[in-house]
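K.L.:
Okay, here's the structure, questions in a sec.
The values are calculated or read from the model by the stated rules, or taken from the named source; none is laboratory data. Note that the structure is a prediction, hence the values are computed from the model and not measured. Glycine also receives a Cβ, built like all others from the backbone with ideal geometry; neighbour counts cover every protein chain displayed. Surface accessibility is based on the protein's heavy atoms, side chains included, excluding ligands, DNA and RNA. Shrake-Rupley method; radii C 1.70, N 1.55, O 1.52, S 1.80 Å.
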Amino acid sequence: MTLSTMLSAMGEGMLRSCAIFFLTILFSMPLGMVIMFLRRSRLKLVSGITKIYIAIMRGTPLMLQLLMWYFGPYYLFGMSIRGYRFPAIIIGFSMNYAAYFAEIYRGGMETIPQGQYEAAEVLGYSKTQTFFKIILPQVIKAILPSVTNEIITLVKDTSLAFTLAYNEMFSLAKQIAASQTSFTPFIIAGVFYFIANYAVAFAMERIEKALDYYK
Amino acid sequence: MILEMNGIKKSFGDLEVLKDISFNVDSGEVVSVIGPSGSGKSTLLRCATFLETVDAGQITYMGRSAVTTTSEGRAHYVPHAELNQIKRYFGLVFQQFNLFPHYSVLKNITDAPIHVQKRPKDEVRAEAMELLRKMNLENRADAYPCQLSGGQQQRVAIARALALKPEILFFDEPTSALDPELTGEVLKVIRQLAEEKMTMVVVTHEMPFARAVSNRVIFMDKGVIVEQGDPEEVFGNPKQERTVQFLRNYQR
(Lines give C-alpha, C1' and ligand atoms only; values in the text may rest on other atoms or scores of the structure.)
Protein backbone atom coordinates (compact mmCIF):
# COMPACT_ATOMS: atom_id res chain seq x y z
CA MET A 1 0.00 0.00 0.00
CA THR A 2 1.49 3.34 -1.01
CA LEU A 3 1.50 6.40 1.17
CA SER A 4 -1.11 8.13 -0.96
CA THR A 5 -3.56 5.22 -0.76
CA MET A 6 -3.05 5.13 3.00
CA LEU A 7 -3.72 8.84 3.19
CA SER A 8 -6.85 8.63 1.10
CA ALA A 9 -8.06 5.64 3.15
CA MET A 10 -7.54 7.65 6.32
CA GLY A 11 -8.94 10.84 4.81
CA GLU A 12 -12.53 9.88 5.45
CA GLY A 13 -11.62 9.08 9.05
CA MET A 14 -10.13 12.54 9.42
CA LEU A 15 -13.41 14.06 8.26
CA ARG A 16 -15.27 11.95 10.83
CA SER A 17 -12.86 13.05 13.58
CA CYS A 18 -13.40 16.66 12.52
CA ALA A 19 -17.18 16.15 12.61
CA ILE A 20 -17.00 14.86 16.19
CA PHE A 21 -14.75 17.77 17.11
CA PHE A 22 -16.83 20.59 15.63
CA LEU A 23 -20.20 19.23 16.71
CA THR A 24 -18.93 18.71 20.26
CA ILE A 25 -17.67 22.30 20.37
CA LEU A 26 -20.95 23.54 18.90
CA PHE A 27 -23.09 21.82 21.54
CA SER A 28 -20.89 21.65 24.61
CA MET A 29 -19.83 25.30 24.80
CA PRO A 30 -23.37 26.76 25.01
CA LEU A 31 -24.58 23.81 27.09
CA GLY A 32 -21.72 24.46 29.50
CA MET A 33 -23.08 28.00 29.94
CA VAL A 34 -26.49 26.61 30.91
CA ILE A 35 -24.92 24.12 33.33
CA MET A 36 -22.82 26.90 34.85
CA PHE A 37 -25.98 28.92 35.58
CA LEU A 38 -27.70 25.87 37.07
CA ARG A 39 -24.61 25.21 39.19
CA ARG A 40 -24.73 28.80 40.46
CA SER A 41 -28.47 28.65 41.12
CA ARG A 42 -29.62 29.88 44.49
CA LEU A 43 -31.99 26.90 44.67
CA LYS A 44 -30.07 24.28 46.63
CA LEU A 45 -31.80 21.41 44.82
CA VAL A 46 -30.83 22.72 41.37
CA SER A 47 -27.23 23.51 42.24
CA GLY A 48 -26.94 20.22 44.13
CA ILE A 49 -28.14 18.08 41.23
CA THR A 50 -25.87 20.00 38.86
CA LYS A 51 -22.94 19.44 41.18
CA ILE A 52 -23.58 15.67 41.14
CA TYR A 53 -23.88 15.75 37.36
CA ILE A 54 -20.53 17.53 37.02
CA ALA A 55 -18.92 15.13 39.50
CA ILE A 56 -20.07 12.11 37.48
CA MET A 57 -19.00 13.60 34.15
CA ARG A 58 -15.56 14.45 35.48
CA GLY A 59 -15.18 11.45 37.73
CA THR A 60 -15.79 8.63 35.26
CA PRO A 61 -13.95 7.78 32.04
CA LEU A 62 -15.34 9.33 28.87
CA MET A 63 -14.97 5.89 27.28
CA LEU A 64 -17.39 4.42 29.82
CA GLN A 65 -19.78 7.34 29.34
CA LEU A 66 -19.83 6.75 25.58
CA LEU A 67 -20.77 3.09 26.16
CA MET A 68 -23.54 4.19 28.53
CA TRP A 69 -24.99 6.69 26.08
CA TYR A 70 -24.93 4.17 23.26
CA PHE A 71 -26.09 0.97 24.95
CA GLY A 72 -28.01 2.54 27.85
CA PRO A 73 -31.20 3.24 25.86
CA TYR A 74 -31.27 -0.36 24.66
CA TYR A 75 -30.82 -1.93 28.10
CA LEU A 76 -33.06 0.58 29.88
CA PHE A 77 -35.89 1.08 27.39
CA GLY A 78 -35.30 -1.60 24.79
CA MET A 79 -34.77 1.17 22.27
CA SER A 80 -33.45 0.11 18.88
CA ILE A 81 -29.96 1.53 18.59
CA ARG A 82 -29.59 1.06 14.85
CA GLY A 83 -28.31 4.28 13.30
CA TYR A 84 -27.86 5.72 16.78
CA ARG A 85 -24.07 5.35 16.88
CA PHE A 86 -23.08 8.81 15.71
CA PRO A 87 -25.72 10.70 17.75
CA ALA A 88 -24.62 8.73 20.83
CA ILE A 89 -21.02 9.82 20.27
CA ILE A 90 -21.99 13.47 19.91
CA ILE A 91 -24.26 13.33 22.98
CA GLY A 92 -21.55 11.60 25.02
CA PHE A 93 -18.83 14.04 24.06
CA SER A 94 -21.06 17.11 24.41
CA MET A 95 -22.44 16.17 27.83
CA ASN A 96 -18.94 15.40 29.08
CA TYR A 97 -17.26 18.51 27.72
CA ALA A 98 -20.15 20.74 28.79
CA ALA A 99 -19.41 19.75 32.39
CA TYR A 100 -15.79 20.81 32.02
CA PHE A 101 -16.71 24.03 30.22
CA ALA A 102 -19.27 24.82 32.94
CA GLU A 103 -16.54 24.67 35.56
CA ILE A 104 -14.23 26.82 33.43
CA TYR A 105 -17.01 29.42 32.97
CA ARG A 106 -17.74 29.34 36.69
CA GLY A 107 -14.10 30.04 37.45
CA GLY A 108 -14.21 32.91 34.97
CA MET A 109 -17.34 34.37 36.54
CA GLU A 110 -15.62 34.38 39.90
CA THR A 111 -12.83 36.63 38.61
CA ILE A 112 -15.30 39.47 37.97
CA PRO A 113 -15.34 41.89 40.92
CA GLN A 114 -18.68 42.60 42.60
CA GLY A 115 -18.14 46.26 41.74
CA GLN A 116 -18.77 45.57 38.05
CA TYR A 117 -22.27 44.28 38.85
CA GLU A 118 -22.93 47.17 41.19
CA ALA A 119 -21.76 49.79 38.68
CA ALA A 120 -23.98 48.22 36.00
CA GLU A 121 -26.93 48.13 38.37
CA VAL A 122 -26.61 51.77 39.39
CA LEU A 123 -26.26 52.80 35.73
CA GLY A 124 -29.59 51.09 35.06
CA TYR A 125 -28.48 48.13 32.94
CA SER A 126 -30.91 45.22 32.98
CA LYS A 127 -29.74 41.82 34.19
CA THR A 128 -29.45 40.57 30.61
CA GLN A 129 -27.55 43.65 29.44
CA THR A 130 -25.23 43.38 32.42
CA PHE A 131 -24.40 39.77 31.62
CA PHE A 132 -23.91 40.10 27.88
CA LYS A 133 -22.33 43.57 27.71
CA ILE A 134 -20.34 43.84 30.92
CA ILE A 135 -19.68 40.41 32.41
CA LEU A 136 -19.41 37.92 29.54
CA PRO A 137 -16.72 39.78 27.54
CA GLN A 138 -14.52 39.91 30.63
CA VAL A 139 -15.22 36.26 31.45
CA ILE A 140 -14.24 35.21 27.93
CA LYS A 141 -10.93 37.00 28.24
CA ALA A 142 -10.27 35.42 31.63
CA ILE A 143 -11.00 31.83 30.55
CA LEU A 144 -9.30 31.74 27.14
CA PRO A 145 -6.17 29.86 28.29
CA SER A 146 -8.26 27.17 30.04
CA VAL A 147 -10.57 26.88 27.04
CA THR A 148 -7.56 26.38 24.77
CA ASN A 149 -6.43 23.53 26.99
CA GLU A 150 -9.84 21.94 26.88
CA ILE A 151 -10.16 22.19 23.10
CA ILE A 152 -6.74 20.63 22.61
CA THR A 153 -7.75 17.75 24.86
CA LEU A 154 -10.91 17.33 22.80
CA VAL A 155 -8.92 17.03 19.56
CA LYS A 156 -7.07 14.07 21.03
CA ASP A 157 -10.14 12.64 22.76
CA THR A 158 -12.02 12.24 19.47
CA SER A 159 -10.08 8.99 19.10
CA LEU A 160 -12.17 7.58 21.96
CA ALA A 161 -15.04 7.20 19.49
CA PHE A 162 -13.40 3.91 18.52
CA THR A 163 -15.06 2.54 21.69
CA LEU A 164 -18.34 2.51 19.77
CA ALA A 165 -16.65 1.06 16.68
CA TYR A 166 -16.98 4.35 14.88
CA ASN A 167 -14.44 4.62 12.09
CA GLU A 168 -12.84 7.91 12.94
CA MET A 169 -9.26 8.49 11.91
CA PHE A 170 -7.47 6.70 14.70
CA SER A 171 -9.58 3.54 14.34
CA LEU A 172 -8.71 3.45 10.65
CA ALA A 173 -5.04 3.99 11.43
CA LYS A 174 -5.08 0.95 13.73
CA GLN A 175 -6.86 -1.19 11.15
CA ILE A 176 -4.47 -0.25 8.35
CA ALA A 177 -1.46 -0.63 10.61
CA ALA A 178 -2.59 -4.15 11.50
CA SER A 179 -3.47 -5.27 7.97
CA GLN A 180 -0.34 -3.79 6.37
CA THR A 181 2.00 -4.51 9.29
CA SER A 182 3.18 -0.94 8.99
CA PHE A 183 3.82 1.79 11.53
CA THR A 184 3.23 4.59 9.00
CA PRO A 185 -0.52 5.04 9.74
CA PHE A 186 0.31 5.87 13.35
CA ILE A 187 2.82 8.48 12.23
CA ILE A 188 0.18 9.97 9.91
CA ALA A 189 -2.29 10.00 12.80
CA GLY A 190 0.23 11.69 15.07
CA VAL A 191 0.97 14.36 12.47
CA PHE A 192 -2.76 14.92 11.98
CA TYR A 193 -3.45 15.51 15.68
CA PHE A 194 -0.37 17.67 16.00
CA ILE A 195 -1.32 19.90 13.07
CA ALA A 196 -4.92 20.17 14.28
CA ASN A 197 -3.75 21.23 17.73
CA TYR A 198 -1.21 23.60 16.32
CA ALA A 199 -4.04 25.28 14.41
CA VAL A 200 -6.15 25.43 17.57
CA ALA A 201 -3.33 26.96 19.60
CA PHE A 202 -2.58 29.44 16.82
CA ALA A 203 -6.20 30.55 16.51
CA MET A 204 -6.64 30.86 20.26
CA GLU A 205 -3.47 32.88 20.57
CA ARG A 206 -4.78 35.28 17.94
CA ILE A 207 -8.00 35.70 19.92
CA GLU A 208 -6.04 36.26 23.13
CA LYS A 209 -3.93 38.91 21.40
CA ALA A 210 -7.05 40.59 20.05
CA LEU A 211 -8.35 40.90 23.61
CA ASP A 212 -5.03 42.17 24.91
CA TYR A 213 -6.07 45.80 24.58
CA TYR A 214 -7.27 45.92 28.18
CA LYS A 215 -6.30 44.38 31.51
CA MET B 1 -36.83 67.70 48.47
CA ILE B 2 -34.77 65.44 46.26
CA LEU B 3 -34.21 62.61 48.71
CA GLU B 4 -36.09 61.74 51.86
CA MET B 5 -35.05 58.79 54.00
CA ASN B 6 -37.02 58.10 57.14
CA GLY B 7 -36.54 55.62 59.95
CA ILE B 8 -34.01 53.56 58.02
CA LYS B 9 -32.96 50.36 59.74
CA LYS B 10 -30.46 47.89 58.44
CA SER B 11 -28.79 44.90 60.07
CA PHE B 12 -26.25 42.40 58.82
CA GLY B 13 -27.06 39.34 60.87
CA ASP B 14 -26.94 40.41 64.50
CA LEU B 15 -25.06 43.60 63.72
CA GLU B 16 -27.29 46.66 63.58
CA VAL B 17 -25.56 48.94 61.08
CA LEU B 18 -28.22 51.63 60.71
CA LYS B 19 -30.42 52.38 63.70
CA ASP B 20 -33.44 54.40 62.70
CA ILE B 21 -31.74 56.98 60.51
CA SER B 22 -33.57 59.88 58.91
CA PHE B 23 -31.87 61.91 56.29
CA ASN B 24 -33.10 64.46 53.75
CA VAL B 25 -31.34 66.19 50.90
CA ASP B 26 -32.64 69.36 49.29
CA SER B 27 -31.98 70.51 45.75
CA GLY B 28 -28.56 72.12 45.34
CA GLU B 29 -27.31 70.91 48.71
CA VAL B 30 -23.85 69.43 49.16
CA VAL B 31 -23.86 67.12 52.16
CA SER B 32 -20.72 65.53 53.58
CA VAL B 33 -21.05 62.42 55.68
CA ILE B 34 -18.13 61.81 58.03
CA GLY B 35 -17.47 59.33 60.78
CA PRO B 36 -15.20 56.47 61.81
CA SER B 37 -15.10 53.31 59.72
CA GLY B 38 -17.91 50.97 60.62
CA SER B 39 -20.16 53.89 61.54
CA GLY B 40 -22.62 52.95 58.78
CA LYS B 41 -22.02 55.87 56.42
CA SER B 42 -21.22 53.73 53.38
CA THR B 43 -24.14 51.44 54.18
CA LEU B 44 -26.42 54.48 54.29
CA LEU B 45 -25.27 55.39 50.77
CA ARG B 46 -25.69 51.82 49.55
CA CYS B 47 -29.22 51.75 50.96
CA ALA B 48 -30.03 55.06 49.30
CA THR B 49 -28.85 53.66 45.95
CA PHE B 50 -30.68 50.32 46.44
CA LEU B 51 -27.45 48.29 46.42
CA GLU B 52 -28.54 47.12 49.86
CA THR B 53 -32.14 46.56 50.86
CA VAL B 54 -33.24 48.23 54.06
CA ASP B 55 -35.06 46.29 56.79
CA ALA B 56 -37.41 49.14 57.61
CA GLY B 57 -38.02 52.76 56.73
CA GLN B 58 -39.11 54.95 53.83
CA ILE B 59 -37.13 56.21 50.85
CA THR B 60 -38.59 58.82 48.54
CA TYR B 61 -36.94 60.50 45.55
CA MET B 62 -38.46 63.64 44.04
CA GLY B 63 -41.73 62.91 45.80
CA ARG B 64 -41.91 59.39 44.35
CA SER B 65 -42.02 56.67 46.91
CA ALA B 66 -39.44 53.89 46.42
CA VAL B 67 -39.61 52.18 49.79
CA THR B 68 -42.48 52.21 52.24
CA THR B 69 -42.96 50.44 55.54
CA THR B 70 -45.73 47.91 55.95
CA SER B 71 -48.00 47.88 59.01
CA GLU B 72 -45.78 45.14 60.47
CA GLY B 73 -42.88 47.56 60.25
CA ARG B 74 -41.05 45.86 57.39
CA ALA B 75 -39.69 47.63 54.33
CA HIS B 76 -41.64 47.25 51.10
CA TYR B 77 -40.03 48.14 47.76
CA VAL B 78 -42.20 49.41 44.90
CA PRO B 79 -42.39 47.16 41.80
CA HIS B 80 -39.35 46.74 39.60
CA ALA B 81 -40.51 49.01 36.77
CA GLU B 82 -41.21 51.92 39.12
CA LEU B 83 -37.94 51.35 40.98
CA ASN B 84 -36.04 51.49 37.69
CA GLN B 85 -37.66 54.84 36.93
CA ILE B 86 -36.66 56.14 40.33
CA LYS B 87 -33.09 54.91 39.87
CA ARG B 88 -32.69 57.49 37.13
CA TYR B 89 -32.79 60.24 39.74
CA PHE B 90 -29.43 59.33 41.24
CA GLY B 91 -25.89 58.46 40.28
CA LEU B 92 -23.16 56.85 42.37
CA VAL B 93 -19.40 57.20 42.27
CA PHE B 94 -17.59 54.29 43.89
CA GLN B 95 -14.46 54.17 45.98
CA GLN B 96 -12.94 51.66 43.51
CA PHE B 97 -14.20 53.56 40.40
CA ASN B 98 -15.63 50.33 38.90
CA LEU B 99 -15.13 51.44 35.33
CA PHE B 100 -15.74 48.79 32.69
CA PRO B 101 -12.21 47.71 31.71
CA HIS B 102 -13.15 46.44 28.24
CA TYR B 103 -14.75 49.75 27.21
CA SER B 104 -12.87 52.86 26.17
CA VAL B 105 -13.26 55.98 28.26
CA LEU B 106 -15.82 57.36 25.81
CA LYS B 107 -17.82 54.13 25.69
CA ASN B 108 -17.83 53.88 29.48
CA ILE B 109 -19.58 57.25 29.51
CA THR B 110 -21.89 56.87 26.51
CA ASP B 111 -23.01 53.25 26.73
CA ALA B 112 -25.64 53.59 29.46
CA PRO B 113 -27.23 56.78 28.06
CA ILE B 114 -27.44 55.10 24.63
CA HIS B 115 -28.49 51.59 25.63
CA VAL B 116 -30.32 52.18 28.90
CA GLN B 117 -31.87 55.61 28.37
CA LYS B 118 -32.14 55.03 24.59
CA ARG B 119 -31.02 58.54 23.76
CA PRO B 120 -29.64 59.47 20.32
CA LYS B 121 -25.98 58.50 19.85
CA ASP B 122 -24.75 61.80 18.42
CA GLU B 123 -26.28 63.84 21.19
CA VAL B 124 -24.88 61.51 23.89
CA ARG B 125 -21.41 61.55 22.33
CA ALA B 126 -21.32 65.33 22.11
CA GLU B 127 -22.36 65.57 25.76
CA ALA B 128 -19.77 62.99 26.77
CA MET B 129 -17.00 64.97 25.07
CA GLU B 130 -18.24 68.06 26.88
CA LEU B 131 -18.09 66.17 30.19
CA LEU B 132 -14.57 64.95 29.41
CA ARG B 133 -13.50 68.52 28.73
CA LYS B 134 -14.91 69.49 32.08
CA MET B 135 -12.93 66.64 33.69
CA ASN B 136 -9.86 67.83 31.83
CA LEU B 137 -9.65 64.48 30.01
CA GLU B 138 -10.75 65.37 26.49
CA ASN B 139 -7.59 63.85 24.99
CA ARG B 140 -8.15 60.49 26.74
CA ALA B 141 -11.50 59.63 25.14
CA ASP B 142 -10.07 56.62 23.31
CA ALA B 143 -7.90 55.35 26.15
CA TYR B 144 -8.83 52.30 28.22
CA PRO B 145 -9.22 52.49 32.00
CA CYS B 146 -6.04 50.45 32.58
CA GLN B 147 -4.06 53.17 30.81
CA LEU B 148 -5.24 55.85 33.23
CA SER B 149 -4.11 56.88 36.69
CA GLY B 150 -6.49 56.37 39.60
CA GLY B 151 -7.36 60.05 39.64
CA GLN B 152 -8.16 60.00 35.94
CA GLN B 153 -10.23 56.84 36.33
CA GLN B 154 -12.26 58.42 39.09
CA ARG B 155 -12.90 61.49 36.97
CA VAL B 156 -14.13 59.25 34.16
CA ALA B 157 -16.39 57.52 36.69
CA ILE B 158 -17.81 60.90 37.67
CA ALA B 159 -18.39 61.77 34.01
CA ARG B 160 -20.06 58.39 33.51
CA ALA B 161 -22.46 59.08 36.37
CA LEU B 162 -23.18 62.62 35.17
CA ALA B 163 -23.90 61.47 31.60
CA LEU B 164 -27.18 59.97 32.85
CA LYS B 165 -28.18 63.43 34.12
CA PRO B 166 -29.02 62.46 37.70
CA GLU B 167 -30.78 64.84 40.07
CA ILE B 168 -28.43 63.82 42.86
CA LEU B 169 -24.96 62.33 42.85
CA PHE B 170 -23.61 60.13 45.64
CA PHE B 171 -19.89 59.68 46.28
CA ASP B 172 -18.71 56.73 48.36
CA GLU B 173 -15.26 57.74 49.63
CA PRO B 174 -14.24 58.92 46.16
CA THR B 175 -10.61 59.55 47.06
CA SER B 176 -9.90 56.73 49.51
CA ALA B 177 -8.38 54.44 46.87
CA LEU B 178 -6.13 57.18 45.47
CA ASP B 179 -2.53 58.09 46.12
CA PRO B 180 -2.43 61.32 48.14
CA GLU B 181 -1.09 63.36 45.23
CA LEU B 182 -4.07 62.35 43.08
CA THR B 183 -6.87 63.21 45.50
CA GLY B 184 -6.62 66.91 44.65
CA GLU B 185 -7.70 66.55 41.03
CA VAL B 186 -10.81 64.56 42.02
CA LEU B 187 -11.76 66.92 44.83
CA LYS B 188 -11.34 69.85 42.45
CA VAL B 189 -13.92 68.33 40.11
CA ILE B 190 -16.37 67.77 42.97
CA ARG B 191 -15.83 71.33 44.13
CA GLN B 192 -16.53 72.57 40.60
CA LEU B 193 -19.78 70.57 40.55
CA ALA B 194 -20.72 72.10 43.90
CA GLU B 195 -20.26 75.55 42.42
CA GLU B 196 -22.64 74.55 39.62
CA LYS B 197 -25.22 73.66 42.29
CA MET B 198 -25.16 69.94 41.63
CA THR B 199 -26.91 68.15 44.50
CA MET B 200 -24.38 65.80 46.11
CA VAL B 201 -23.86 63.55 49.09
CA VAL B 202 -20.21 62.78 49.75
CA VAL B 203 -19.03 60.14 52.19
CA THR B 204 -15.48 61.22 52.88
CA HIS B 205 -12.49 61.22 55.17
CA GLU B 206 -11.19 64.49 53.69
CA MET B 207 -12.09 66.84 56.53
CA PRO B 208 -10.75 70.11 55.07
CA PHE B 209 -12.63 69.33 51.86
CA ALA B 210 -15.86 68.56 53.72
CA ARG B 211 -15.53 71.78 55.63
CA ALA B 212 -14.83 73.92 52.58
CA VAL B 213 -17.27 72.49 50.06
CA SER B 214 -20.38 71.26 51.84
CA ASN B 215 -23.44 73.15 53.05
CA ARG B 216 -24.08 70.53 55.67
CA VAL B 217 -21.98 68.00 57.50
CA ILE B 218 -23.34 64.84 59.06
CA PHE B 219 -21.31 63.01 61.65
CA MET B 220 -22.27 59.36 62.02
CA ASP B 221 -21.17 56.86 64.63
CA LYS B 222 -22.38 53.35 65.46
CA GLY B 223 -25.33 53.52 63.10
CA VAL B 224 -26.79 56.83 64.23
CA ILE B 225 -26.43 60.46 63.18
CA VAL B 226 -24.68 61.96 66.17
CA GLU B 227 -24.56 65.53 64.97
CA GLN B 228 -25.28 67.51 61.84
CA GLY B 229 -25.30 71.08 60.72
CA ASP B 230 -23.34 73.87 59.13
CA PRO B 231 -19.72 72.75 58.52
CA GLU B 232 -18.31 75.67 60.48
CA GLU B 233 -20.50 74.68 63.43
CA VAL B 234 -19.72 70.95 63.32
CA PHE B 235 -16.01 71.39 62.75
CA GLY B 236 -15.48 74.63 64.67
CA ASN B 237 -17.82 74.12 67.59
CA PRO B 238 -19.02 70.52 67.84
CA LYS B 239 -21.77 69.97 70.42
CA GLN B 240 -21.39 66.24 71.03
CA GLU B 241 -18.54 64.69 72.96
CA ARG B 242 -18.23 61.87 70.36
CA THR B 243 -17.78 64.42 67.55
CA VAL B 244 -15.12 66.28 69.51
CA GLN B 245 -13.23 63.02 70.04
CA PHE B 246 -13.47 61.98 66.40
CA LEU B 247 -12.29 65.34 65.08
CA ARG B 248 -9.48 65.49 67.60
CA ASN B 249 -8.20 62.10 66.41
CA TYR B 250 -8.23 63.44 62.90
CA GLN B 251 -6.22 66.53 63.66
CA ARG B 252 -3.42 64.52 65.18
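K.L.:
Please check the stretch B:68-89 for residues whose accessible area, probe 1.4 Å, is lower by 30 Å² or more when all protein chains are in place than in their chain alone.
P.N.:
Checking the loss per residue gives B:LYS87.
K.L.:
Another question, if that's okay. Please compute how much accessible surface disappears when B pairs with A, both sides summed, using a 1.4 Å probe, and round it to the nearest 100 Å².
P.N.:
Values: alone 11950 and 12580 Å², together 22570 Å².
Result for this pair: about 2000 Å² buried.
K.L.:
Which angle from 0 to 90°, rounded to the nearest 10, does the C-alpha axis of helix A:169-180 make with the longest principal axis of chain A?
P.N.:
Result, in degrees: 20.
K.L.:
Quick one: among B:PRO113, B:PRO208, B:PRO238, which has the greatest mean-square fluctuation in a GNM of chain B with alpha-carbon springs under 10 angstrom?
P.N.:
B:PRO208
K.L.:
Take the solvent-accessible surface of the protein heavy atoms, probe 1.4 Å, and return the percent of it on the stretch A:99-215 that carbon and sulfur atoms account for.
P.N.:
Values: 3640 of 5660 Å².
The nonpolar share, carbon plus sulfur, comes to 64 percent.
K.L.:
Residue farthest toward the positive end of the dipole of chain B, with Cβ of Lys/Arg at +1 and Asp/Glu at -1: which of B:VAL30, B:GLN147, B:GLY73?
P.N.:
Final value for the positive-end residue is B:GLN147.
K.L.:
Turning to a different aspect of this structure: Helix A:85-110 sits at what angle to the longest principal axis of chain A, using alpha carbons and giving 0 to 90 degrees rounded to 10?
P.N.:
For helix A:85-110, the angle is close to 30 degrees.
K.L.:
What's the local net charge at B:GLN96, with K and R +1, D and E -1, over the other residues with C-beta under 10 Å away?
P.N.:
On the way: positive: none; negative: A:GLU118, B:ASP172, B:GLU173.
Summing Lys/Arg as +1 and Asp/Glu as -1 gives -3.
K.L.:
Using a 1.4 Å probe, what is the accessible area per residue for chain B, in Å²?
P.N.:
44 Å²
K.L.:
Using a 10 angstrom cutoff on alpha carbons, build the Gaussian network for chain B and name the most mobile of B:GLN85, B:GLN153, B:GLN58.
P.N.:
Most flexible of the set in this elastic network: B:GLN85.
K.L.:
On the protein heavy atoms, probe 1.4 angstrom, tell me the percent of accessible surface of the stretch B:100-252 carried by carbon and sulfur.
P.N.:
Numbers: 3130 of 6770 Å².
Roughly 46 percent of what the probe reaches on the stretch B:100-252 is carbon or sulfur.
K.L.:
May I pose another question? For chain A, take the longest principal axis of its alpha carbons; what is the angle in degrees between that and the long axis of helix A:62-77, to the nearest 10 within 0 to 90?
P.N.:
90 degrees
K.L.:
All other residues with a Cβ under 13 Å from the Cβ of B:ASP20 taken together, and with Lys, Arg as +1 and Asp, Glu as -1, what is their net charge?
P.N.:
+2
K.L.:
Quick check: from the Cα gyration tensor, does chain A come out rounded (a/c under 1.5), prolate or oblate?
P.N.:
On the way: a/c = 3.27, a/b = 1.59, b/c = 2.05.
Cα axes put chain A in the oblate bin.
K.L.:
Related question: Given a 1.4 Å probe, how much area per residue of the stretch A:3-214 is accessible, in Å²?
P.N.:
In whole numbers, the stretch A:3-214 has 53 Å² accessible per residue.
K.L.:
Local charge sum around B:LEU132 (other residues, Cβ-Cβ under 9 Å, Lys/Arg +1, Asp/Glu -1)?
P.N.:
On the way: positive: B:ARG133, B:LYS134, B:ARG140, B:ARG155; negative: B:GLU130, B:GLU138.
Combined, the nearby Lys, Arg, Asp and Glu give +2.
K.L.:
Put simply, what bits of the stretch B:115-160 lose 30 Å² or more of accessible area when the other protein chains are there, versus the chain on its own (1.4 Å probe)?
P.N.:
Checking the loss per residue gives B:HIS115, B:VAL116, B:TYR144, B:CYS146.
K.L.:
Is it possible to state the helix-based mean residue ellipticity at 222 nm for the protein assembly as shown, with each DSSP H run of 4+ residues giving -39500 (n - 2.57), the sum divided by total residues, to the nearest 500 deg cm²/dmol? What is it? Before the final figure, lay out the partial values.
P.N.:
Numbers: 17 runs with 259 residues, N = 467.
It comes out at -18000 deg cm²/dmol, rounded to the nearest 500.
K.L.:
Using a 1.4 Å probe on the heavy atoms of the protein chains only, list every residue of the stretch A:84-130 that has 20 Å² or more less accessible area in the complete assembly than in its chain alone.
P.N.:
By number: A:GLY115, A:GLN116, A:GLU118, A:ALA119, A:GLU121, A:VAL122, A:LEU123, A:GLY124, A:TYR125, A:GLN129.
K.L.:
Mean separation of Cα pairs under 8 Å and 6+ residues apart, divided by the residue count of the stretch A:3-214: what relative contact order is that in percent?
P.N.:
Working: 203 pairs, mean separation 59.5, N = 212.
That works out to 28 percent.
K.L.:
Identify the residues of the stretch B:86-120 with backbone N under 11 Å of a label point that sits 7 angstrom from the Cα of A:SER126 along the Cα-to-Cβ direction, or state none.
P.N.:
Inside the label zone: B:116.
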